[in-house]
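First up is the structure itself, then whatever we jot down about it.
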Amino acid sequence: MKRSTGLKPGSGFQKKKSETPASPFEAEREAARRKALNALKRAKRAADKAGVTLSDWEGEFIDGVSDRIKTYGRAFGDPEKGAPGQALSAMQGRKLKEITAKANGEEPKRRWGRRTPPPDGD
């Protein structure tokens, strides 16, 4: 006598199809989006943890860029301002690095200009 397991062929436990991007470019764009959002979260979390108060502009920058990335997948409209698969433009990435350095208590790097001569030991 054969017992029925109660499962019909084609039903039951099946692997769900994961949402895979249509192309490798889409996968790269999605990875860049996640990377940028995580970097923004880390910068904000580091500032909160260290007790560093960000300026109003820096707070608005982080919030605004996060919202644009969530909505559009990237935070800039002009394709000449950043690489095709990136979520942040070159300047947005630089500002994010500056905010992260400030949150970690590091000295801001000089962007341009002459170096100050070393003090004389005389």
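Values in this text are rule-based calculations from the coordinates and carry no lab data. Treat the numbers as computed from the prediction; the structure is a model and nothing was measured. With ideal geometry, Cβ positions are generated from the backbone for all residues, glycine too; neighbour counts draw on all protein chains shown.
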Counting only residues 5 or more places away or on other chains, whose amide H sits under 5 Å from the amide H of SER89 once H atoms are built in the peptide plane? ALA75
Simple spin-label estimate for ASN38 and GLU26 in nanometres, 7 Å along Cα-Cβ: 2.2
